[in-house]
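Below is one structure, written out as structure tokens, with a few remarks after it.
The values are calculated or read from the model by the stated rules, or taken from the named source; none is laboratory data. Quick caveat: nothing in here was measured; it's all calculated off a predicted structure. Every residue, glycine among them, receives a Cβ derived from its backbone with ideal geometry; neighbour counts consider all protein chains shown. Just the protein is used for accessible areas: all its heavy atoms, side chains included, with ligands, DNA and RNA removed. Shrake-Rupley method; radii C 1.70, N 1.55, O 1.52, S 1.80 Å.
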There are 4 protein chains.
Amino acid sequence: MSALPALIDDLVAANRILAGLNVLDGFGHVSVRHPGDPNRYLLSRSLAPELVTPADIMTFDLASNAQDDDTRTPYQERFIHGEIYKRRPDVQAVVHSHAATVVPFAVSSVKLRPIYHMSSFLRAGASVFEIRERFKMTDMLIRNNDQGAALAEKLGDDAVVLMRGHGFCATGESIPVAVYRAYYTQSNAALQQQAIALGGSVTYLEPEEAERADATNRSVIMRPWSLWRAKFYAQGSN
Amino acid sequence: MSALPALIDDLVAANRILAGLNVLDGFGHVSVRHPGDPNRYLLSRSLAPELVTPADIMTFDLASNAQDDDTRTPYQERFIHGEIYKRRPDVQAVVHSHAATVVPFAVSSVKLRPIYHMSSFLRAGASVFEIRERFKMTDMLIRNNDQGAALAEKLGDDAVVLMRGHGFCATGESIPVAVYRAYYTQSNAALQQQAIALGGSVTYLEPEEAERADATNRSVIMRPWSLWRAKFYAQGSN
Amino acid sequence: MSALPALIDDLVAANRILAGLNVLDGFGHVSVRHPGDPNRYLLSRSLAPELVTPADIMTFDLASNAQDDDTRTPYQERFIHGEIYKRRPDVQAVVHSHAATVVPFAVSSVKLRPIYHMSSFLRAGASVFEIRERFKMTDMLIRNNDQGAALAEKLGDDAVVLMRGHGFCATGESIPVAVYRAYYTQSNAALQQQAIALGGSVTYLEPEEAERADATNRSVIMRPWSLWRAKFYAQGSN
Amino acid sequence: MSALPALIDDLVAANRILAGLNVLDGFGHVSVRHPGDPNRYLLSRSLAPELVTPADIMTFDLASNAQDDDTRTPYQERFIHGEIYKRRPDVQAVVHSHAATVVPFAVSSVKLRPIYHMSSFLRAGASVFEIRERFKMTDMLIRNNDQGAALAEKLGDDAVVLMRGHGFCATGESIPVAVYRAYYTQSNAALQQQAIALGGSVTYLEPEEAERADATNRSVIMRPWSLWRAKFYAQGSN
């Protein structure tokens with residue numbers, strides 16, 4: 001449990017970093033599983049990520065109920081986080097984003113696929129969650145545990161899932177990995193867009209290349225994380 | 001009437017925010033209906049939005065005549081604002097912009113349509129005002145009440161109208177809503193551009209999805225507004 | 001002649017502004033005709049525009065010979081400026097740029113045409129100077145008066161001329177007008193690129209619309225100029 | 001050997017400049033051949049380029065073994081540098097990058113070709129190294145001398161080589177030339193992308209134009225270098 005303040009500091013840093021990298025703007029959020037209780041997770045109250053401080057972090061159970069009689073307004077879409085943590089014990093951090101380069105792939109019949117080693121976590125390509133399939137006409141948000149569970153089911157064993165008419169979620173075994181994947185999902189989308197627009201044939205990573213590269217990337221994850229903390233959260237202590 | 005100084009502060013903030021978000025550059029403007037008199041509106045004198053201060057705000061009647069013997073130079077296109085307020089009692093704030101991503105849709109036969117929940121206010125897609133239809137060869141500006149009325153007529157009951165060879169207008173029931181819509185019109189245009197360029201089929205929001213999402217977005221409008229004030233108008237008081 | 005220090009200050013401001021607006025990077029330059037002698041012009045010594053100060057400004061005759069025994073290294077392409085001033089008595093300022101959005105139109109068979117009122121100075125579209133036509137294989141630079149004269153001839157009575165495999169020149173009756181045109185040439189290129197990529201039909205300004213809009217824009221030229229000076233050259237005095 | 005501290009200062013500047021120009025992010029690296037021993041080269045320890053200081057510079061032999069009992073963690077891909085220096089005595093500096101605009105050309109059948117004089121070092125177009133050809137399924141990195149040698153062989157006598165699913169390398173006879181080429185490879189890729197998207201025919205530089213322009217550009221290399229040092233490494237001393 002002594003790891004908690006350091007983890008909250010990393011979670012605040014993740015909010016600032018993702019805003020600094022334009023993965024999040026006034027909307028979107030990032031969470032981490034509680035280091036002392038796998039059935040809880042930590043997430044800011046409803047607030048623009050760039051403004052989040054340690055005091056804004058709330059604790060939720062996996063049904064996304066606020067703990068400790070915390071009555072502050074939570075994000076409406078916190079069920080994304082709870083249901084992914086429930087279904088995926090390997091996942092320790094989740095980012096939900098509307099990043100501009102990714103949304104086009106969430107509304108297109110063209111699949112987001114890994115174009116270079118940096119986004120090898122996309123493997124055979126990202127699935128797209130179509131909320132209409134089970135929930136018909138909605139306001140497009142994940143507003144309850146049923147909708148969160150359907151999204152988590154579409155994610156399956158992947159690292160990333162797109163959401164039609166909405167955005168995407170990136171997951172990882174730590175905050176730095178989830179932040180890395182959110183950022184490089186954004187980068188890959190921009191690169192794939194450009195590669196397609198060139199009009200020639202495009203070579204994507206082979207699944208085996210992707211698998212090998214993903215393992216390598218996770219081994220050097222602290223390099224970009226250290227840079228991003230220094231650039232976007234220099235005031236942080238850890 | 002005691003709400004006036006606070007509203008002027010928000011209007012100045014809106015000018016700085018829209019410049020900071022690249023919705024406005026040296027040109028374009030944002031107005032608000034007078035809180036004490038629905039037949040008047042507030043708008044800066046002719047000045048780049050990024051430089052606007054409370055002392056620059058002028059008052060106009062709905063025929064766009066300056067009030068209080070104010071002889072400072074007004075924007076040439078203030079008639080946009082007066083005529084929209086005249087026709088649309090529900091509208092309390094109006095943004096006029098030449099934002100780069102939107103102009104292509106104002107000159108193309110391809111319609112701007114809502115690609116994700118953030119821009120659900122676009123509903124079935126934005127109409128394009130063609131000034132040639134009634135006014136033949138012009139300098140493209142809205143220079144009088146007749147032209148303003150024709151533009152307001154094209155806007156109809158929508159939130160946004162594009163202007164061929166020119167730009168667009170976004171409206172809302174408050175300054176934060178109009179600013180939000182101007183910003184996400186810009187974002188949607190960029191996203192739709194990219195989605196089309198991917199070459200596959202594109203799924204837009206259904207009208208019912210758009211209607212529901214718009215209601216939701218208006219309920220959380222203060223989240224991006226607070227962020228934008230903090231980022232682009234920290235020196236403001238309110 | 002008393003106008004000289006103020007004009008040099010504006011010329012330095014133009015260098016900083018064009019760098020700030022990404023119209024110029026480490027290369028490119030901006031000049032002004034001498035206020036006291038129409039057969040001379042003012043241009044920085046060979047230096048990145050963002051670093052130019054009043055002390056760096058040199059004087060040239062229209063054959064682009066440095067005056068006043070000034071032995072500092074001039075830009076290799078100063079002949080662009082001298083030959084345009086020689087041929088076009090109405091031109092008082094010239095910008096030469098490699099701006100990223102414009103170069104594609106300088107190498108494409110697709111013509112740069114005015115898409116909105118802000119770039120109405122493009123009229124029926126910008127001509128492209130092909131240096132190979134008269135000079136065969138070169139290093140692509142305008143290195144002497146013959147090449148400068150050929151470029152000025154291609155410019156003709158237009159405001160802007162593109163240069164194949166190189167960049168473009170924008171001219172105006174004052175520094176603010178030339179800077180405005182360089183900036184909005186860049187903007188128009190980006191917008192036209194996007195409009196074409198949408199795949200539908202594109203409506204360009206009619207020549208009469210362009211002519212009228214250009215007159216209007218020149219009447220409000222100090223609005224963006226004041227903004228740009230405040231943003232990119234606040235330290236200037238005038 | 002007295003040139004060493006000045007060269008290390010330039011190498012640190014190059015790291016900061018390339019990060020500032022978005023050629024490098026958390027990944028990528030830049031090296032220089034040792035000024036006193038052509039069989040050694042200088043390269044930072046494994047660190048994001050934006051954070052590199054003089055104390056982080058390590059020395060390697062051309063087999064990419066760390067010298068002076070330096071046990072700090074080196075970049076995994078240092079073999080890129082060693083093998084290029086081994087094969088190309090004219091090369092004094094090497095940049096390895098994943099720059100966003102270039103990667104699409106590294107995965108597309110469309111060749112990166114020089115669109116304007118600034119990128120004339122691309123000559124007849126950049127080759128693409130396909131690691132699968134000799135090494136089958138990998139994690140896409142250059143992890144040993146064999147892979148580095150194969151990459152250097154593909155580079156041949158060119159200035160730039162692309163790497164499929166990965167990025168590119170730019171070389172030069174000095175740090176400023178290699179940095180210039182890395183930056184303008186990035187620029188050329190963006191411009192060529194846009195020129196192709198316009199849909200018309202595209203005119204590339206002729207080989208003779210490219211050769212002449214490259215010689216010219218190298219003669220004014222200190223102009224952008226001075227700007228970049230001032231902007232991104234003002235704190236440096238030299």
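Summary of values
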| item | result |
| --- | --- |
| Other copies of A:Ala3: label-to-label distances in nm, shortest first, labels 7 Å along the beta-carbon direction | 5.1, 5.1, 7.2 |
| Per-residue SASA entry for C:Glu133, accessible area with 1.4 Å probe, Å² rounded to 10 | 140 |
| Local electrostatic count, B:Ala19, Cβ distance below 11 Å [Lys/Arg +1, Asp/Glu -1] | 0 |
| In range of the label at C:Leu4: residues from region C:67-99 whose backbone nitrogen is under 14 Å from the point 7 Å along Cα→Cβ | C:67-70 |
| Cα-centred dipole magnitude for region C:102-175, charges only on beta-carbon of K, R (+1) and D, E (-1), debye, nearest 20 | 260 |
| Chain B: angle of helix B:207-219 to the longest principal axis, Cα-based, in degrees nearest 10 | 40 |
| List C:Leu51, B:Leu205, ordered by accessible area with a 1.4 Å probe, largest first | C:Leu51, B:Leu205 |
| For region C:132-238, size of Cβ-based charge dipole, Lys and Arg +1, Asp and Glu -1, in debye | 520 |
| For B:Thr216, label point 7 Å along C-beta direction: distances to other copies, nm | 4.0, 4.0, 5.7 |
| Low-density loop positions, trypsin sites (Lys or Arg not before Pro), region D:42-82 - DSSP coil, at most 16 other Cβ in 10 Å | D:Arg72 |
| Per-residue [θ]222 nm for chain A (sum of -39500 (n - 2.57) over DSSP H runs n ≥ 4, rounded to 500) | -12000 deg cm²/dmol |
| Per-residue SASA entry for B:Arg132, accessible area with 1.4 Å probe, Å² rounded to 10 | 60 |
| Point-to-point label distance, D:Asp90-B:Asn39, nm (Cα→Cβ direction, 7 Å offset) | 8.1 |
| Of A:Ile142, A:Val128, A:Val177, farthest towards positive along the dipole that unit charges on Lys, Arg, Asp, Glu beta carbons give chain A | A:Val128 |
| Peptide D:12-20 - average C-beta neighbours from other chains (10 Å radius) | 0 |
| At 7 Å out from Cα toward Cβ: C:Ala124 inter-copy label distances (nm, ascending) | 4.2, 4.2, 5.9 |
| Members of A:Lys86/A:Lys154; D:Lys111/D:Lys231; C:Lys86/C:Lys111; C:Lys111/C:Lys154 lying beyond 21 Å, as alpha-carbon distances in this model show | D:Lys111/D:Lys231; C:Lys86/C:Lys111 |
| With Cα atoms, 0 to 90° folded angle of helix A:4-20 axis to chain A main axis | 40 |
| Per-residue mean of C-beta atoms belonging to partner chains within 10 Å, peptide B:202-210 | 5 |
| Of all chain C residues, the one whose C-beta is nearest the axis that brings C onto A, in angstrom | C:Ala197, 4 |
| Extent along principal axes [Cα atoms of region C:51-120; Å; largest to smallest] | 45, 28, 23 |
| Cα pair count fraction exceeding 43 Å, expressed as % - the protein assembly as shown | 36 |
| Computed over region C:89-238, Kirkwood Rh from alpha-carbon pairs, angstrom | 16.2 |
| Net +/- balance of residues flanking D:Arg33 in space, Cβ distance below 15 Å, scoring K and R +1, D and E -1 | -1 |
| Euclidean distance between Cα centres, region D:17-47 to region C:188-213, Å | 44 |
| Shielding score for B:95-108, defined as the mean number of other chain Cβ atoms within 10 Å | 5 |
| Positive-end residue, chain D charge dipole about Cα centroid, Cβ charges, pick of D:Gln92, D:Leu18, D:Gln193 | D:Gln193 |
| Rounded to whole Hz, the Karplus (6.51, -1.76, 1.60) HN-Hα couplings of region B:76-88, x for glycine and proline | 5, 9, 4, 4, 3, 5, x, 6, 5, 4, 5, 8, 10 |
| Check: chain C dipole with +1 on Lys, Arg Cβ and -1 on Asp, Glu Cβ, in debye | 380 |
| In degrees, nearest ten, helix A:145-155 long axis to first principal axis of chain A (Cα) | 40 |
| Distance between modelled label sites at A:Val220 and C:Glu133, nm, 7 Å Cα→Cβ extension | 5.0 |
